[in-house]
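First the structure, in the form of structure tokens, and then the observations on it.
The values are calculated or read from the model by the stated rules, or taken from the named source; none is laboratory data. These numbers come from a predicted model, not from an experiment. Here the Cβ positions follow ideal geometry from the backbone for every residue, glycine too, while neighbour counts run over all protein chains shown. All accessible areas refer to the heavy atoms of the entire protein, side chains included, with ligands and DNA or RNA removed. Shrake-Rupley method; radii C 1.70, N 1.55, O 1.52, S 1.80 Å.
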Amino acid sequence: MVAKRTSRESEGKKMMPATAVQDNAYDVALTNFDTAADALELSPDTREMIKYPERVLTVSVPVRMDNGHIHRFEAYRVQHSSVRGPAKGGIRYHPQVTLDEVKALATWMTWKCAVVNIPFGGAKGGITCDPKHMSNGELERMTRRYTSAILPLIGPEQDIPAPDVYTNSQTMAWIMDTYSMTKGYPIPGVVTGKPISLGGSLGRNEATGRGVFYTVLSACEHLGLPLQGSRVVVQGFGNAGSVAAQLLYESGAIVIGVSDSSACVYNPKGLNIRELIHMKTLTGHVGEFPEGEAIEPGELLALRCEVLVPAALENAIHAGNAANVNARIVAEAANGPVTPAADRILESKDVFVIPDILCNAGGVTVSYFEWVQDEQHLFWEAQDVYSRLERVMKTSFRDVLRIHQDRNVPMRIAANMLGIGRVAEAVQIRGIYP
Ligand code: NAD
């Protein structure tokens with residue numbers, strides 16, 4: 001089966017992305033919006049209504065640390081849109097979380113839910129913290145206090161959190177429990193990505209990586225590229241990256257390079273992904289894998305391959321390193337891994353980009369399935385989840401590809417046009433209150 005997320009990977013040497021200038025993710029989100037809105041010829045009134053977050057909440061989260069002292073964490077919940085349904089989006093724990101990053105991620109969630117045509121708007125949450133240096137007890141107390149701080153905003157009909165970077169099904173269980181204890185009865189539908197024993201869905205843990213896999217299959221088919229024997233490189237070996245790597249490996253691709261925040265491993269003959277996942281589960285990192293040679297992060301992104309999967313954080317591929325990318329397909333498992341300047345460079349090199357709001361939408365799609373199952377108290381077989389997910393991902397890929405071809409715009413703009421166009425249509429039909 002797939003790798004369990006390791007909530008705290010061993011520290012190892014710190015590997016920041018070798019970014020020349022860090023783009024502000026929210027600026028990137030707004031720039032992409034404007035480009036797609038121009039192509040759609042959206043009216044200024046419609047833009048005013050859908051471009052910006054509906055609600056932005058910043059909270060202080062005081063936590064008693066194991067040393068007895070109180071530490072205050074800054075945390076956020078942003079609801080970008082509820083035009084097409086309840087707001088939906090993950091919660092990230094990371095030292096680099098900022099309000100602008102959360103606003104960007106919430107904005108992308110809105111367009112993403114619309115691209116795969118599920119009845120949600122977009123949201124995101126985050127706590128600026130370093131979970132790798134926190135105990136389980138500290139993480140639990142921080143999660144519960146954060147939940148209580150954002151409690152007025154969340155709920156199965158309002159805003160439904162899910163896991164993101166360095167949060168997992170245990171985090172969701174703590175949120176569900178805190179929310180339910182406050183309300184006085186169990187409310188599993190307040191979060192998705194829960195453990196199965198609490199009303200989670202089969203297939204949710206691997207949904208993002210599986211969705212990435214389906215879009216890579218579609219891209220290969222479109223480009224006439226056989227997946228069998230194709231070389232794959234994966235940056236970021238967490239939930240999204242490890243599952244995508246495993247499914248590609250099991251389909252006959254050769255995964256030649258993989259990295260996490262502590263190391264990069266490379267083997268031109270291919271890494272045994274099952275064993276690598278096993279080792280990562282045991283040790284918390286991919287370094288020292290006996291079958292792999294250690295390389296630098298910059299070298300990993302420059303490896304000649306058919307499919308490059310950035311599955312870590314924003315800004316991984318930027319103006320300073322995009323020219324080195326040697327891939328035919330870039331499959332964005334991460335949110336915002338390619339900056340607009342890098343987009344232009346990749347386009348000039350004829351690299352086929354599967355944009356994040358399409359490529360990694362499998363996670364929110366199965367979150368939607370989980371929410372539906374919780375609402376109905378009726379749970380589906382894993383195979384049902386997989387086949388529904390496959391249908392959604394392949395249909396959405398076709399929809400985006402059609403716009404890309406008909407309108408002669410990059411895949412990213414095509415995906416934004418599809419998502420933004422659907423939200424615009426919904427807001428026009430709803431009208432403005434009062
Ligand atoms: P995760 O916490 O499970 O894994 C993140 C991985 O990235 C870890 O292995 C970490 O070591 C690695 N990493 C961090 N910085 C790195 C760096 N500089 N270089 C290489 N590796 C680095 O998180 P995840 O849930 O897999 O999320 C990864 C990306 O996928 C994020 O952009 C997230 O927003 C996106 N995403 C996740 C989901 C989901 O359902 N989990 C859904 C959609 C999108």
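Given Gly89, Gly137, which one is away from the ligand (no atom under 13 Å from the Cβ) and either assigned to a loop (DSSP other than H, G, I, E, B) or in contact (Cβ under 8 Å) with a residue 24 or more places away in the chain (or both)?
Numbers: Gly89 fails: away from the ligand (no atom under 13 Å from the Cβ).
The conditions single out Gly137.
Please find, within the range 239-263, the residue that is farthest from the ligand (Cβ to nearest atom) out of those that are within 21 Å of Phe397 (Cα to Cα) and buried (at least 24 other Cβ atoms within 10 Å of the Cβ).
Top of the filtered list is Ala253.
Taking Gly236 as the residue in question, decide whether it is in contact with a strand residue (DSSP E or B) (Cβ under 6 Å, 6 or more places away or on another chain) and over 14 Å from Met393 (Cα atoms).
no
Out of all the residues in the range 28-57, which are open to solvent by 60 Å² or more (accessible area, probe 1.4 Å) and either in contact (Cβ under 8 Å) with a residue 12 or more places away in the chain or not in a helix (DSSP H, G or I) (or both)?
Thr31, Thr35, Glu41, Met49, Tyr52, Glu54, Arg55, Val56
Are any of the residues in the range 334-343 small (Gly, Ala, Ser), crowded, with 24+ Cβ neighbours inside 10 Å and part of a helix (DSSP H, G or I)?
yes
Out of contact with any helix residue (DSSP H, G or I) (no Cβ under 6 Å at 6 or more places or on another chain), charged (D, E, K, R) and assigned to a loop (DSSP other than H, G, I, E, B): does that describe Glu291?
It is true that Glu291 is out of contact with any helix residue (DSSP H, G or I) (no Cβ under 6 Å at 6 or more places or on another chain), charged (D, E, K, R) and assigned to a loop (DSSP other than H, G, I, E, B).
Looking at the range 105-131 only, could you name the residues that are in contact with a strand residue (DSSP E or B) (Cβ under 8 Å, 6 or more places away or on another chain), in contact (Cβ under 8 Å) with a residue 60 or more places away in the chain and part of a helix (DSSP H, G or I)?
Leu105, Thr107, Trp108, Met109, Thr110, Trp111, Lys112, Cys113, Pro131
Has the range 177-188 got at least one residue that is touching a residue at least 60 places away in the same chain (Cβ under 8 Å) and either farther than 19 Å from Gly89 by Cβ or open to solvent by less than 30 Å² (accessible area, probe 1.4 Å) (or both)?
There is no residue in the range 177-188 that is touching a residue at least 60 places away in the same chain (Cβ under 8 Å) and either farther than 19 Å from Gly89 by Cβ or open to solvent by less than 30 Å² (accessible area, probe 1.4 Å) (or both).
When only residues in the range 387-410 that are under 21 Å from the mean Cα position of the chain (by Cα) and of a type in the set (Val, Ile, Thr) count, which is surrounded by the fewest Cβ atoms within 10 Å (Cβ to Cβ)?
Result: Thr395.
Answer with yes or no whether Ser60 is touching a residue at least 12 places away in the same chain (Cβ under 8 Å), touching a strand residue (DSSP E or B) at 6+ places or on another chain (Cβ under 6 Å), under 20 Å from Ser367 (Cβ atoms) and open to solvent by 20 Å² or more (accessible area, probe 1.4 Å).
no
Is there a residue in the range 380-389 that is in contact (Cβ under 8 Å) with a residue 40 or more places away in the chain, acidic (Asp, Glu) and part of a loop (DSSP other than H, G, I, E, B)? Give the steps one after another, and end with the answer.
Start the filter on the range 380-389 by keeping residues that are in contact (Cβ under 8 Å) with a residue 40 or more places away in the chain, which leaves 380-382, 385-386, 389.
Next cut, acidic (Asp, Glu) only: 381.
Restricting the remaining residues to those that are part of a loop (DSSP other than H, G, I, E, B) gives 381.
Within the range 380-389, one or more residues are in contact (Cβ under 8 Å) with a residue 40 or more places away in the chain, acidic (Asp, Glu) and part of a loop (DSSP other than H, G, I, E, B).
Quick check, is Tyr166 open to solvent by 30 Å² or more (accessible area, probe 1.4 Å), of a type in the set (Phe, Trp, Tyr), away from the ligand (no atom under 15 Å from the Cβ) and in a loop (DSSP other than H, G, I, E, B)?
no
Condition check ((1) of a type outside the set (D, E, K, R); (2) within 12 Å of the ligand (Cβ to nearest atom); (3) surrounded by 19 or more Cβ atoms within 10 Å (Cβ to Cβ)) across all residues:
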| position | (1), (2), (3) |
| --- | --- |
| Glu291 | no, no, no |
| Leu300 | yes, yes, yes |
| Glu314 | no, yes, yes |
| Asn324 | yes, no, no |
| Ile329 | yes, no, yes |
| Leu346 | yes, no, yes |
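Would you check which residues across the range 103-114 are under 20 Å from Thr147 (Cα atoms), open to solvent by less than 10 Å² (accessible area, probe 1.4 Å) and away from the ligand (no atom under 11 Å from the Cβ) and list them?
Across the range 103-114, the qualifying residue is only Ala106.
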